[in-house]
Amino acid sequence: MNYEQVVASLWRHGNGQTADHVARLNELIRYATLAPSGHNTQCWRFRATDEAIAILPDLSRRTPVVDPDDHHLYVSLGCAAENLSLAARAFGMQGEVTFHAEGAGEVHVTLTPCQPERSPLFEAIPARQCTRSDYNGLPVTDQELYLLQGAGTGNGVSISLLTERPAIEQVLGFVLQASSRQIANRAFRQELEAWIRFGEHEALEAGDGLFARAMGSPATPRWLGRWLFRVLFRQGIENAKVARQVRSSAGIAVFISQVDDKAHWVEAGRCYQRFALQATALGICNAFINQPVEETSVRPAFAEALGIVGGRPDLVVRFGRGKAMPRSLRRPVEAVLIP
């Protein structure tokens, strides 16, 4: 299959009503893998039993430069758990999500029979994407903000929606400051380059990573893509693009955990995923601008500027209306299943 055919086979609704219980569990896991992850590393593994699915961190897929404490990794597990729980309900199973901190930690989704319910958030799963493009600059309505606020709030996790231009510009200042420090870091550039899939063949072979076209760049052979990346990934060029994209957005969402630990990082992922799915259901795009929370030298000042006391800013997300971008790929279910 070519790239578009593989995308169509992945980003779709499936048959959750099959009588084959193993097939139903595998379909739940497929929905879970449609969640976002840092650099599309797909840093998860799944272990299924008759009555539960465990989501475990795949530490071989860490990104230690941009995510030294594995914060984004555990957020990604939370995103996957939220997808799984929503799909389970659509298939007639209540998916109860709990985090177990022992060892590296894992997320358990216990499955019990219930009445099937295909919620708007479930319906949005195959359409959701991180849309890394300019938006149209138009505001969202108060009713849409209300729905986004409700979707993005969770147990020990709050969301701050910033729509006034001075507040957006303040956040942008921190984004650009942190972005400049990241781009100046050779290890950061090398790590990012390692996860970029420059051409369609390369993306199809890997089934993971950041596809160039999904980030607004043309597909190229790897040798050419690497050369262009090294020439063009410069502070001035990148920051100008980021500034343009943020200023084209309707607002910025900041997710804040009351406690800085893995359980709350997972919960932040669940909150973000509901926010992203609610946005998708409303025809609203979103994309991460996480530089101020990734760069540890910037994060304290960023938190102080937002008035955050005793918590951690987890995620920074811009949102607005725009056109869909080419989609990323996922590895097959059998590649992420463990006994």
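Brief remarks on what is shown
- Note on Thr98 and Ser60: their simple-model spin labels are 3.0 nm apart, each label 7 Å out from Cα toward Cβ.
- An oblate overall shape is assigned to segment 1-134, the ratio a/c of its alpha-carbon gyration tensor axes (a ≥ b ≥ c) being 1.5 or greater and a/b not exceeding b/c.
- Residues whose amide H lies under 5 Å from that of Asp314, counting only those 5 or more places away or on a different chain, are Phe255, Ile256, Ser257; hydrogens are built 1.01 Å from N in the peptide plane.
- Chymotrypsin sites (Phe, Trp or Tyr not before Pro) restricted to DSSP loop in segment 240-314 with at most 10 other C-beta within 10 Å: none
- Average accessible surface area per residue within the chain, 1.4 Å rolling probe, Å²: 42
- Of the trypsin sites (Lys or Arg not before Pro) in segment 275-339, the ones in a loop by DSSP (not H, G, I, E or B) with at most 15 other beta carbons within 10 Å are Lys323.
- One chain, two ends: Asp50 and Glu238. Fully extended at 0.36 nm per residue, the span grows by 62.9 nm beyond their Cα-Cα distance.
- Using the rule -39500 (n - 2.57) for each DSSP H run of four or more residues, divided by the residues of the chain, the 222 nm mean residue ellipticity is -13500 deg cm²/dmol.
- Shape call, segment 60-142: gyration tensor on alpha carbons, a/c limit 1.5: oblate
- On the chain, 54 percent of the accessible area sits on carbon and sulfur atoms, based on a 1.4 Å probe.
- Among (i) 89, 43, 30; (ii) 56, 46, 40; (iii) 76, 48, 41, the entry derived from the coordinates for Cα extents along the principal axes in Å: (ii)
The values are calculated or read from the model by the stated rules, or taken from the named source; none is laboratory data. The structure displayed is predicted, hence computed values, not measured ones. As a convention, Cβ positions derive from the backbone with ideal geometry for all residues, glycine included, and neighbour counts pool all protein chains shown. With ligands, DNA and RNA removed, areas are computed over all heavy atoms of the protein, side chains included. Shrake-Rupley method; radii C 1.70, N 1.55, O 1.52, S 1.80 Å.
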